[in-house]
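**Q** Take a look at the following structure, please.
Please treat every number below as a calculation from the coordinates, not as lab data. As the structure is a computational prediction, the values presented were derived from the model and not from experiment. Quick reminder, even Gly has a Cβ in these numbers, built from the backbone with ideal geometry, and neighbours come from all protein chains shown.
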Amino acid sequence: MWRSCSTGRRTEQRAAANFFHVENMPVPQICAMLKTDAERGLTEEMACARLAKDGPNQLQQLPRMSGEIMEMQSLQARLQKEIEANLRVELQRFVVEELQVRRLNELEALQKEDSRHSADIDALRD
C-alpha cells in the first residue's frame, strides 16, 4: 500500500517536544495528536499524503567515520589532555616564581626599612 504512493521531500520538521513522553499519554490522546484511529489506522489516501509530506518512516543514517578519522580524534583528545597538563605545570611554576619574587621584594623593602631604623637609632645614641 505504501509503495504505490509517490514519495516527496519532507517539507517541515515535526516539533520533538510533541512526541516526548508519549509512553505516559493515554492512547486516545496520542491518536488525536497523530490524527489517526487506533482501530482502523490511516486510510490509503491519508498514508500517501503523509508520505508525500513527511517522507518515509525511517531514521536517517549518519555517515560512518573511518578508522583513520577515529584515530585522529583519539590522538587529538590525548594531545589536548597532555597540553592541558603541561599548561597546569607551567602555570604552577609561574605562580611559585611570582610568589618568590614578591617575597624577595618584601624582604628587600624590610631590610631597607631596618637599615633606616638602625641609622636612626645610631644617630640617637650619638
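**Q** Can you list residue pairs whose Cβ atoms sit under 6 Å apart, with the first residue in the range 44-68 being in contact (Cβ under 8 Å) with a residue 24 or more places away in the chain and the second being of a type in the set (Gly, Ala, Ser)? Count only pairs 6 or more apart in sequence or on different chains.
**A** 52/8
**Q** Give me the residue from the range 86-126 that is small (Gly, Ala, Ser) and surrounded by 10 or more Cβ atoms within 10 Å (Cβ to Cβ) and, out of that set, nearest to the chain's Cα centre (by Cα).
**A** 109
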